[in-house]
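> Here it is, the structure, as structure tokens.
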Amino acid sequence: MSMFLSLFKKELATCFLSPIAFVVLFFFWVLTGLNFWWLLVQLADGESLTIATQQIFGGLICFSLLVVVPLITMRLFSEERKLGTLESLLTTPLTAAELVLAKFFGSLVFFLVLWFPVVAYAMIQKSLSPVELHQFPDFGAMRAGVFGVMLVGGFYISIGLFMSTLTSNQIVAAISSFAILCILFFSGLFMAYLAPNPTLRVFGQYVSSYTHLLDYSRGIVDGRSVVIYISYTLWFLFASMKVIESKRT
Amino acid sequence: MIKVEGVTKKYPARLAVDHISFEVARGEIVGFLGPNGAGKTTTMRMLTGYLPMNSGKIEVAGYDVATQAQEVRRRVGYLPESCPLYPEMRVDEYLRFRAELKGVKSSVRKAKINEVKEQCGLTDVGRRIIGQLSKGYRQRVGLADSLVHDPDLLILDEPTVGLDPYQIRQVRELIKQLSEKHTILLCTHILPEVEAICERILIINEGKIVAADTEANLHKRLHASSVIEMEVKADKVAAITAIGGMEGVDLRSNNILADGWIWLELEADTPDMREELFNLAVTKGWALRELTEQEYSLEDTFVHITRNREGV
């Protein structure tokens, strides 16, 4: 456990030492800032409040996850393999499970830091709002939104982490995870909204991250989607462990 | 300390290590030599449990590498060949991180880190970022890392690569000091290093152990005959017939030097013939100003063993 903690701390520190992380932070924060500004403009035009939290966590912003997550995860194992430090890590008493989990949670925490200003905007908004807007944001919906972003983010991170165990080239890791995330995301999206067959459309609603994020940020937490995300995440983490273990005794 | 029995490692395209067996006793300092691609690094990686083997058995400090890998890793300090480090970390951070990973207790961690920093000459660079250190310092950080958990066995893969001559000497001194407390397996291409430090030598070639002995014994085994150079002041023909006529002597070359002395090189079956040659010169009344037995370097032995093998 203490090994897990020291590795976790190191992973998190490395996230904040890498220039990529700051570029990601900068652009993501610009994007969320614009998103929030646009939301305020809509509200000022008399748009209904129901769209408000939805637009904070769901909507256009979730497209950016397809790029952001691969940029966070491409480094995880690819860099260790390139530097040769995977060899020195695996010749310590550390287990593959500790290694994979420490990297996963390190990235997940960094990912949540990305969302920090979004929550802060909402707080500021609340304290400055005129009375009629006072029920925005709805904190129940906010909590569900953060929870949903964490679930979807964790799932995406586990895919990116898995891809980075397979190659020592960061670019290859990033592009392949981006491709997989795109396939998952857009096939779900198109099925949910554009499929001609109504059964397929219902199926699409069950698997599409886009609709899930919209639901969560409306405060609707569907147990089925929670189970899907957690089990997929665990599956990818397990597969990553096996890849790492296959490289040692 | 190390017990390797019939270990084989196959890579998809080739056999890297072919049924090797050897032992290293506690407290020994053993040089592990071999040409590039002979299977040195593969063997070391199997010893540390990083690579699985296809067959055979390795025991380190009494633990089976395949089934008790955790215990083995706790007791082995390994410096990989390329000395991998995190360039963005500071020296102190890195050593603390590694000490934590290797399970060094928090009560002794700080003292232990200071100790290895002092041993490896890193006291002044603790706050520096590893990526900005010179190759020599990085190598020392790697060495400090391999020592930080006080391992029973140290496996060093080319520890002096990239160091300047002064640093090489320092690292050698350090390894010698360490050999008092640790068993050391030193893998290197630099033969004088092995001559200077190691008690025993293992030579691996094409995946097979081709020699395992002390340096002196290896020489003896390989060079039953000796080559002697001498310079005498004598009539050339008389000298050549007298010496060429001695039993078991093969005169290889001769030359008249500018100052009229005669230089001779001869090969003798017996280990050392210098006394007989001296007596011959005395009875013949020659003046003698050089009588040298050629020393074989480890390099000669190494080339001899590994080339012979290739010829088979």
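> Only sites in a loop by DSSP and with at most 16 other Cβ atoms within 10 Å count here; which trypsin sites (Lys or Arg not before Pro) in region B:78-145 make the cut?
B:K105, B:R127, B:R128
> Let me ask something else. How many angstrom separate the Cα center of region A:213-249 from the Cα center of region B:60-114?
Centre-to-centre (Cα) distance: 32 Å.
> Quote the relative contact order of region B:224-295 in percent (integer), defining contacts as alpha-carbon pairs under 8 Å separated by 6+ residues.
The value is 48 percent.
> Let me ask something additional. Just how large is the dipole of region B:1-149 about the Cα centre, in debye to the nearest 20, putting +1 at every Lys and Arg Cβ and -1 at every Asp and Glu Cβ?
The calculation lands at about 340 debye.
> Report, in degrees rounded to the nearest 10, the 0 to 90 angle that the Cα long axis of helix B:165-178 makes with the longest principal axis of chain B.
Orientation of helix B:165-178: about 70 degrees from the principal axis.
> Please order B:F302, A:F116 by the number of other Cβ within 10 Å, starting at the fewest.
A:F116, B:F302
> Another question about this same structure. For B:98-111, what's the mean count of beta carbons from other chains sitting within 10 Å of each residue's beta carbon?
Counting other chains' Cβ atoms within 10 Å and averaging over B:98-111 gives 3.
> Given contacts defined as C-alpha pairs under 8 Å and at least six residues apart, what's the relative contact order of region B:2-220, whole-number percent?
29 percent
> Turning to a different aspect of this structure: Give me the dipole magnitude in Debye, nearest 20, for region B:224-295 about the Cα centre, with unit charges on the beta carbon: positive for Lys and Arg, negative for Asp and Glu.
Working: 6 positive and 15 negative charges, 81 e Å.
Its charge dipole is roughly 400 debye.
> Compute the helix-to-body angle for A:61-73: its Cα long axis versus the longest principal axis of chain A, expressed 0 to 90° and rounded to tens.
10 degrees
> Would you list which aspartates and glutamates come within 20 Å of B:K105, measuring only between C-alpha atoms, while excluding same-chain residues fewer than 8 positions from it?
A:E98, B:E71, B:D92, B:E93, B:E115, B:E118, B:D145, B:D150, B:D152
> Using a Förster radius of 25 Å, what is the FRET efficiency between A:A195 and A:F238 based on their Cβ-Cβ separation? Nearest 0.05, please.
Given R0 = 25 Å and the Cβ-Cβ separation, E is 0.20.
> Moving on. Would you kindly calculate the mean projected area, averaged across all directions, of the convex hull enclosing the Cα atoms of region A:209-249, in square nanometres?
Reported value for the Cα convex hull: 3.3 nm².
> Sorted from fewest to most neighbouring beta carbons within 10 Å, what does the list B:T214, B:T183, B:T43, B:T8 look like?
Ascending Cβ contact count within 10 Å gives the list B:T214, B:T8, B:T183, B:T43.
> Among B:L185, B:G27, B:V65, pick out the residue whose Cα is farthest towards the positive end of the charge dipole of region B:2-220, where Lys and Arg carry +1 and Asp and Glu carry -1 on C-beta, about the Cα centre.
Of the listed residues, the answer is B:V65.
> Would you mind calculating the relative contact order of region A:2-245 from Cα pairs under 8 angstrom and at least 6 residues apart, reporting the percent as a whole number?
28 percent
> Roughly what % of Cα-Cα distances in region B:224-295 sit above 18 Å, to the whole percent?
The proportion of pairs with Cα distances above 18 Å equals 27 percent.
> Same structure, new question: Roughly how many Å is it from the Cα centre of region A:10-79 to that of region B:3-37, as a whole number?
Region A:10-79 and region B:3-37 have Cα centres separated by 52 Å.
> Can you list the GluC sites (Glu not before Pro) in region B:253-312 that are in a DSSP coil and have 13 or fewer other beta carbons within 10 angstrom?
Answer by residue number: B:E295.
> Angle, helix B:298-311 long axis vs. longest principal axis of chain B, Cα atoms, 0 to 90°, nearest 10?
90 degrees
> Restrict the search to region B:1-77; then list the trypsin sites (Lys or Arg not before Pro) that DSSP places in a loop and that have at most 15 other Cβ atoms within 10 Å of their Cβ.
Sparse-neighbourhood loop trypsin sites (Lys or Arg not before Pro): B:R14, B:R26.
Read-outs throughout are calculated quantities, based only on the coordinates presented, and are distinct from any laboratory measurement. Every value quoted in this text rests on a predicted model; they were computed, and no experiment measured them. Don't worry about glycine lacking a Cβ; one is built from the backbone with ideal geometry, like all the others, and counts go over all protein chains shown.
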